[in-house]
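Report on the structure given below.
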Amino acid sequence: MKVRYIGQSFGTDGLTNGKVYDVLAVDWDIGALRVVDDSGDDYLYHPLHPKPLSGNHPGGRFEIVEDDGKGSLKKIINR
């Protein structure tokens, strides 16, 4: 699964505007996406409004680039 981040970039280890990221899993229990970000590590991001945990960053949104056969990204992002 893959998503593109659209929004203000944050940090060298966060998300960059227009960049495509791998989604390792959808965590249905907490409603988050496990995304490999610019740090090279995977972190949980809110599927509708990804942003850093701290600070006053405006965040952004994800758009689906490639979903799985079950439509998991569509289900969690387009709800």
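The values are calculated or read from the model by the stated rules, or taken from the named source; none is laboratory data. Note that this is a predicted model, so its numbers are computed, not measured. Here Cβ is always computed from backbone atoms with ideal geometry, including for glycine, and neighbour counts include all displayed protein chains.
Tell me, yes or no, whether region 26-39 has at least one residue that is modelled with pLDDT under 95, touching a Gly at 6+ places or on another chain (Cβ under 7 Å) and of a type in the set (S, T, N, Q). No.
For (1) more than 14 Å from ARG4 (Cβ to Cβ); (2) among the hydrophobic types (A, V, I, L, M, F, W, C); (3) touching a Leu at 6+ places or on another chain (Cβ under 9 Å); (4) part of a loop (DSSP other than H, G, I, E, B), each residue gets a yes or a no:
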position: SER39; (1), (2), (3), (4): yes, no, no, yes
position: LEU44; (1), (2), (3), (4): yes, yes, yes, no
position: HIS49; (1), (2), (3), (4): yes, no, no, yes
position: LEU53; (1), (2), (3), (4): yes, yes, no, yes
position: LYS70; (1), (2), (3), (4): yes, no, no, yes
position: LYS74; (1), (2), (3), (4): yes, no, no, no
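Conditions tested, residue by residue: (1) touching an Asp or Glu at 6+ places or on another chain (Cβ under 8 Å); (2) modelled with pLDDT of 95 or more; (3) of a type in the set (Lys, Arg).
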position: LYS2; (1), (2), (3): yes, yes, yes
position: SER9; (1), (2), (3): no, no, no
position: LEU15; (1), (2), (3): yes, yes, no
position: TYR21; (1), (2), (3): yes, yes, no
position: LEU24; (1), (2), (3): yes, yes, no
position: PRO47; (1), (2), (3): no, yes, no
position: LEU53; (1), (2), (3): no, no, no
position: GLY59; (1), (2), (3): no, no, no
position: LEU73; (1), (2), (3): yes, yes, no
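Within region 13-38, residues that are in contact (Cβ under 8 Å) with a residue 40 or more places away in the chain and within 18 Å of ILE76 (Cα to Cα) reach partners that are surrounded by 13 or more Cβ atoms within 10 Å (Cβ to Cβ) and polar (S, T, N, Q) with beta carbons closer than 9 Å, at six or more positions or on different chains, in the pairs VAL23/SER72; VAL26/SER72; TRP28/SER72.
Among what's in region 27-71 and is β-branched (Val, Ile, Thr) and more than 10 Å from the chain's Cα centre (by Cα), pick the residue that is surrounded by the fewest Cβ atoms within 10 Å (Cβ to Cβ).
ILE30
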